[in-house]
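The values are calculated or read from the model by the stated rules, or taken from the named source; none is laboratory data. Everything quoted here is computed from the prediction, not taken from an experiment. Here Cβ is always computed from backbone atoms with ideal geometry, including for glycine, and neighbour counts include all displayed protein chains. Areas reflect the complete protein model, heavy atoms only, side chains present, ligands, DNA and RNA absent. Shrake-Rupley method; radii C 1.70, N 1.55, O 1.52, S 1.80 Å.
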Amino acid sequence: MSTTLVTGARVLGGEPADLLLRDGLIAEVGPGLAAPEGAEVVRAEGLVALPGLVDLHTHLREPGREDAETVESGSRAAALGGYTAVFAMANTFPVADTAGVVEQVQRLGEQAGWVQVRPVGAVTTGLAGQQLAELGAMADSAAAVRVFSDDGHCVSDAVLMRRALEYVRAFDGVIAQHAQEPRLTEGAQMNEGAVSSVLGLRGWPSVAEEAVIARDVLLADHVGSRLHVCHLSTAGSVEIVRWAKARGVRVTAEVTPHHLLLTDELVRGYDPVYKVNPPLRTQADVEAVREGLADGTIDVVATDHAPHPVEAKDCEWSAAAMGMTGLETALSVVQSTMVDTGLLTWAEVADRMSAAPARIGRLAGQGAPLAAGSPANLVLLDPAARWTVEPERMATAGRNSPFRGTELPGRVVATFFRGRATVLEGRPVHAGGEGERP
Amino acid sequence: MTAARRVLLEGADVQRALTRIAHELLEANKGPDDLVLLGIPTRGVPLAQRLAARIAEVEGAHVPVGSLDVTMYRDDLRRNPTRGLLPTELPAGGVDDKVVVLVDDVLYSGRTVRAALDALSDLGRPRAVRLAVLVDRGHRELPIRADHVGKNLPTSSAERVSVLLAERDGRDAVEISTPAPAAGGER
Amino acid sequence: MRHLLSAADLDRDGAVHVLDVAEQMAATQRREIKKLPTLRGRTVVNLFFEDSTRTRTSFEAAAKRLSADVINFSAKGSSVSKGESLKDTALTLEAMGADAVVVRHSASGAPHRLAHAGWSRSAVVNAGDGTHEHPTQALLDAYTMRRHLRAAGSGHALGRDLHGVRVVIVGDVLHSRVARSNVLLLHTLGAHVTLVAPPTLLPVGVGTWPCEVSHDLDAALTGGAPDAVMTLRVQAERMTTTGGGFFPSAREYSRRYGLDRRRAALLPEHAIVMHPGPMNRGLEISADAADSARSTIVEQVGNGVAVRMAVLYLLLAGGEPAAPTPGGDS
C-alpha cells in the first residue's frame with residue numbers, strides 16, 4: 001500500500017502537524033515528520049484536518065432509481081464532500097428490507113471504492129408500516145446492518161414502533177425514525193405557518209414531528225432501547241430531545257445542513273428545489289436547531305442527500321418530489337452556520353460529523369481520532385476558500401441543490417479513505433474498486 | 001433632457017385662432033345646426049369646449065360637445081408602454097346623421113385621426129366628419145388633412161411641439177423645443 | 001405589469017388604474033358595437049386544468065371583445081390528461097405563439113411556475129390556482145364595491161380607492177383563493193376587512209394577514225356596520241372525515257355562518273351582498289339574501305368581463321418601453 005505524508009495540516013483546527021499515512025493507517029502524527037522514501041507528499045499548510053466524515057442519512061437510490069443516482073455517483077459525491085462513510089437509506093426499489101438487497105448495496109459500495117457504504121435496513125416490509133422486516137437476517141448478513149429506518153415514511157403505529165425498538169436490542173441495533181404523524185400531514189406541502197397561509201399550500205405542522213418524537217422517546221425509555229431521530233427540524237423537537245436526554249433516555253438526533261441554514265420564506269417563489277421533507281421551517285427553528293447542535297442535544301449533522309431527476313423538480317410545486325442534494329455542500333454549510341458563527345469548534349464538527357454518527361451506526365474504523373494507529377480516514381479542508389455552488393459541476397447525478405448560486409465558505413481539498421486519496425486538489429481520484437487496489 | 005424652448009403662439013394668438021376656427025365652422029356648416037364637437041383627449045376636449053363657447057357667443061346656439069378617446073384604436077400601441085384610457089362621452093343626441101367635428105391640439109402623422117375615424121364608425125354614422133386642429137405641424141404619414149387649422153407650423157421631426165391650455169396647464173401657449181443631442185445629455 | 005399572478009402584484013395606484021381602465025372598458029360594452037380592435041393579432045390562450053366554465057367564458061369574452069385570437073386549451077381530452085407535464089404544455093403554447101396565457105390550475109403556484117420557470121415568455125394571468133389566489137376575481141369584487149359605494153352622487157368613481165370601506169368576508173377562508181386575493185387587494189385599496197369563519201376553516205398564520213379575524217358572524221354584522229358582505233362557497237363534503245372534518249354538519253354551519261334573511265336585515269341600508277359563485281343556496285347564503293335588491297351577485301359576473309378586458313389590455317396592448325418619440329401628436 002502507498003505511503004503519504006501530509007504536511008502542515010491543522011489537526012482539528014489546532015496547531016500545524018504532519019500526518020504519515022501508511023498501510024491504511026495513520027502511522028504517526030507530529031511536527032516535522034520526515035518523508036519516507038517513495039512517499040507521496042501532500043502539502044496541507046493552512047488546511048484543517050478532520051477525521052473522514054460519516055453521513056448517517058444518504059439516499060443513493062440504487063437499486064431501482066439509477067436515473068436519480070447510483071451508488072457510484074453518490075459515493076463519489078460523498079468523497080468530494082469529505083466523507084469516508086455513508087449510510088444508504090432503505091427506500092430503494094426493491095426496498096432494502098431483506099439480506100439480499102442490503103448485501104447488494106454493500107457490494108456496490110465496495111466496488112465503487114469511494115467511501116464505505118453501509119446499508120440501512122427497512123424497519124417494516126416494503127416500508128409499508130404493517131409488519132416488521134427481517135431485521136435479524138439483515139443484521140446477520142454480510143452487510144451486518146445495525147441501523148434500521150423506514151425513512152420517507154414514519155413508523156407511526158405505536159405498537160410496531162415499540163416492537164422494533166425492542167427487537168433490535170438483540171444485536172445492538174438502532175431505529176432511526178422519520179418522525180411524521182401521517183394524518184396530520186396528509187397532502188402536506190410545506191411548513192404550516194404564516195408563509196403557507198399566504199401561499200395556499202397545505203401545511204406540515206411542527207406538531208406532526210414533535211408528537212411522534214415525544215411518543216418515541218417515551219417508548220424508548222420504557223423498553224430501554226436506542227432511538228435515533230432523523231432530520232429533526234423544529235424548536236419543539238429540540239426541547240423534547242433535550243428533555244429526554246436529561247431524563248437518561250437513549251436517544252440521539254440529527255439535523256440536516258439545509259435546516260441549519262434555510263427557512264420557509266424561500267418557498268414564496270414556488271420553486272420546488274426548496275421542497276423537502278421535513279419542510280424548511282422558520283428562522284426561530286433554524287436558531288433552535290443550531291443551538292441544539294452546539295450544546296449536544298443534537299448529536300449529528302446528516303445530509304439527507306436526496307437526489308432527484310430534473311423532471312421531478314421542473315414542474316409545479318405540488319407535483320414535485322421532496323428532497324435536496326447535500327453531500328458536496330454539507331461541510332461548507334456547517335462551517336458557514338456553525339463554525340464561522342462561533343457555535344462549534346472544528347473539534348466539535350469532527351464529533352458531530354464523524355465520531356458521533358460512526359458511534360450511533362456502530363461503525364468501527366470510522367470517526368476515530370486523528371492519532372497514530374487510527375484508520376487513515378481523513379479530510380483536508382481549506383476554510384479560507386469560498387466557492388459558488390453550481391449543481392451541474394457536482395458529482396451527484398442530482399441537480400436539486402437548494403444552494404445553487406450561493407457562495408459558501410470552505411472547500412474540501414483532499415479526502416483519504418483507508419489511506420488512499422479519493423480526492424486531491426478538490427478533484428476525485430479514480431478509486432478503481434476494492435478488488436483492483438494494489 | 002435639456003431642450004431649447006421657443007414660444008410660437010402666445011395666449012392671445014391661441015384665442016384668436018380659436019375664434020377664427022369657430023367662425024369657419026359656422027360658415028362651412030351654414031350655421032350651428034347638427035354640429036357636434038368631439039374633442040380627442042386630452043387637450044382636444046377643452047379645445048372643443050372653447051369652440052362651443054365661441055359659437056354660443058356668436059350665434060347664441062348650443063352646440064353639443066363630447067370626447068372621443070382613440071387609444072384602443074391606435075395602430076402604435078405596441079410601440080409604446082401601455083397607455084391609460086380616457087373617457088369617451090357622446091352628447092345625448094349621439095352622432096348619427098350629425099356633422100361631427102373632431103377637435104385635436106396638434107395634427108402630425110395623421111394616425112390619431114385615423115384611429116378617431118375608426119372609433120367614430122363604431123359609435124354611429126355621422127352625415128359628415130370634419131377635422132379642426134389648433135396646430136398643423138406637417139409630416140403626414142397618411143392621406144389625411146385638416147378642414148380647419150389654427151396655425152400651420154413647419155417643423156423638423158426632431159422638434160417637439162407642446163400645446164399648453166389654461167384648463168390643464170395654467171396658461172395658453174404653443175411652444176416648440178429641440179431636444180439636445182443625446183451625447184452628454186442627462187437622461 | 002408583466003404578469004398578474006397575485007393581488008399583491010398591484011400597489012394602490014396600480015390597482016386603481018386597473019379599475020379605471022375597467023370603467024372605460026365597461027362603457028364600451030354598453031355600446032351597440034362592443035368589439036374593439038385593440039388586441040388584433042394577439043393570441044390569448046385559456047389554459048384550464050380545472051373545469052370552470054364561468055371564469056373561462058369571462059376571459060374568453062374579454063379577449064374576443066378586444067379582437068384577440070383565443071385558443072381554449074382545457075386539460076380534459078388533451079395530452080395534459082395523459083400525463084403531459086406543465087412544462088411541456090408551456091413549451092407547446094410558446095411554440096403556438098401565445099402572447100398571454102390565462103391559467104386555472106389545481107396546484108397553488110402553478111401560474112408562478114409558468115411565469116418564472118423559464119419555460120415561456122408569455123404574459124401569465126392567474127385565473128385561480130389551488131387554494132392560493134384568484135386576483136381577477138378580487139379586482140372585479142373591488143370594482144363592484146367601488147361602483148356601489150364610491151360612485152354615489154358624482155356618478156363615477158374614477159381615480160378612487162376603497163379607503164374606509166368595511167368588508168366582511170365569511171366562509172371557508174382556508175380553502176379560498178378568492179379570500180386571499182380579496183384580503184390583499186382590499187387592504188391595498190384602503191378597505192378594512194374582517195374575515196369570519198369557524199377556526200377550523202381559517203389557516204394557521206391568518207393572524208399575519210392585513211385584516212381582522214372573527215368567529216362570530218352576528219357580532220361582525222351588528223358591531224362592524226359593514227358596507228359589503230361577501231359569502232364564500234363552502235363545500236358540504238368538508239364536514240366528513242375524508243373531507244377533513246372541518247365542521248359537524250351543514251345545518252350547524254348554516255346556522256352559525258350562513259347569510260340568511262335575519263342576518264341580511266342586520267346590515268346597514270346601503271350595504272351590498274356579494275358572492276363569487278357558484279353558490280350553495282341554503283348553505284352559506286339563503287335564497288332571499290342572494291336574490292335581494294342589495295345583492296350584486298349577478299352584476300359581479302358582468303363586471304368580470306370589463307375587469308378582465310382591462311387586465312388583458314394592460315398586459316398586452318403596450319410594447320416594450322421605448323424612447324420617447326418627439327412630436328405633439330400623441
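Annotations for the structure displayed:
- FRET efficiency for A:Thr345 and A:Arg169, using Cβ-Cβ distance with R0 set to 30 Å, rounded to 0.05: 0.30
- Each peptide in A:177-183, A:340-346, A:89-95, C:128-134 was scored by the mean count of other Cβ atoms within 10 Å over its residues; highest first, the order is C:128-134, A:89-95, A:177-183, A:340-346.
- Using the Cβ of B:Arg43 as centre and a radius below 10 Å, the other residues enclosed give a net charge of -3, where K and R count +1 and D and E count -1.
- Computed on the Cα atoms alone, the convex hull of chain C gives a volume of 156 cubic angstrom per residue.
- Of all lysines in the structure, those lying under 30 Å Cα to Cα from C:Lys87, and not within fewer than 8 positions of it along the same chain, are A:Lys275, A:Lys313, C:Lys64, C:Lys76.
- For the protein assembly as shown, carbon and sulfur atoms together expose 50% of the accessible surface, with a 1.4 angstrom probe and every protein chain in place.
- Within 10 Å of each Cβ in A:145-157, the average number of Cβ atoms from other chains: 0
- Chain C packed on chain B takes about 2400 Å² of accessible surface away from a 1.4 Å probe, both sides summed.
- Spatial separation of Cα centroids for segment A:23-58 and segment A:137-193, in angstrom: 37 Å
- Cα shape, segment B:1-154, gyration tensor, a/c 1.5 rule: oblate
- Selected from C:Gly224, C:Gly109, C:Gly205 as most flexible by GNM, with chain C as the system and alpha-carbon contacts under 10 Å: C:Gly205
- Think of chain C as having a plus end and a minus end, set by charges on the Cβ of Lys, Arg, Asp and Glu; of C:Gly97, C:Pro199, C:Val298, C:Val298 sits farthest toward the positive end of this dipole.
- Reducing segment B:79-124 and segment A:243-322 to their Cα centroids gives an inter-centroid distance of 62 Å.
- Taking the Cα centre of the protein assembly as shown as reference, the dipole from Cβ charges on Lys and Arg (+1) and Asp and Glu (-1) amounts to some 2140 debye.
- Cβ-placed point charges (K, R +1; D, E -1), dipole of segment C:135-299 about Cα centre in debye, nearest 20: 120 debye
- Zone residues, segment C:112-143, relative to C:Asp88, backbone N less than 18 Å from point 7 Å out along Cα-to-Cβ: C:114, C:119-120
- Length added when fully stretched, C:Val301-C:Arg30, from 0.36 nm per residue minus Cα-Cα: 96.1 nm
- Reciprocal mean inverse distance between Cα atoms of the protein assembly as shown - Kirkwood radius, Å: 32.8 Å
- DSSP-defined antiparallel bridges as percent of all bridges, chain B, nearest 5: 40 percent
- Note on segment C:248-266 and segment C:182-220: Cα centroid distance 18 Å, given to the nearest whole angstrom.
- Note that segment C:135-299 presents 40 Å² accessible area per residue, ligands and nucleic acids not counted, probe 1.4 Å.
- Taking all protein chains as they are arranged and a probe of 1.4 Å, the heavy atoms of C:Thr43 leave approximately 20 Å² accessible to solvent.
- Charge tally for C:Gly128 (other residues, Cβ to Cβ under 9 Å; Lys, Arg +1; Asp, Glu -1): -1.
- Threshold 40 Å² - residues in segment C:1-28 whose accessible area is reduced by that much or more when the chain is no longer isolated, probe 1.4 Å: C:Gln24
- Peptides C:60-68, A:330-338 ranked from most to least packed give A:330-338, C:60-68, packing being the mean of other C-beta atoms within 10 angstrom over each peptide's residues.
- Take each residue of peptide A:297-303, count the partner chain Cβ atoms within 10 Å of its Cβ, and average: the result is 0.
- Computed per residue of chain C from DSSP H runs no shorter than four, each worth -39500 (n - 2.57), the mean residue ellipticity at 222 nm is -11000 deg cm²/dmol.
- 1.4 Å probe accessible area per residue over chain A, in Å²: 35 Å²
- Pairwise label distance in nanometres, C:Arg2 with C:Thr57, each label 7 Å out on the Cα-Cβ vector: 3.5 nm
- Remark: mean inter-chain Cβ contacts per residue of C:203-213 equal 4, using a 10 Å Cβ-Cβ cutoff to other protein chain atoms.
- Chain A: most fluctuating residue of A:Ala220, A:Ala364, A:Ala44 per GNM, C-alpha cutoff 10 Å: A:Ala364
- Unit charges at the beta carbon, dipole of the protein assembly as shown: most positive-side option, B:Val58, C:Gly223, C:Met274: B:Val58
- Whole-angstrom Cα spans of segment A:51-151 along principal axes, big to small: 38, 28, 20
- For C:Pro248, net neighbour charge (Lys/Arg +1, Asp/Glu -1) across residues whose Cβ lies under 14 Å away: +2
- Hydrodynamic radius of segment C:135-299 per Kirkwood, over alpha carbon pairs, in Å: 15.8 Å
- Each peptide in B:77-86, A:293-302, C:171-180 was scored by the mean count of other Cβ atoms within 10 Å over its residues; highest first, the order is C:171-180, A:293-302, B:77-86.
- Shape category assigned to segment C:110-201 from the gyration tensor of Cα positions, a/c cut at 1.5: oblate
- Relative to its residue count, segment A:1-110 spans a Cα convex hull of 118 Å³ per residue.
- Cα gyration tensor shape of segment A:51-360, rounded if a/c is under 1.5, else prolate or oblate by comparing a/b with b/c: rounded
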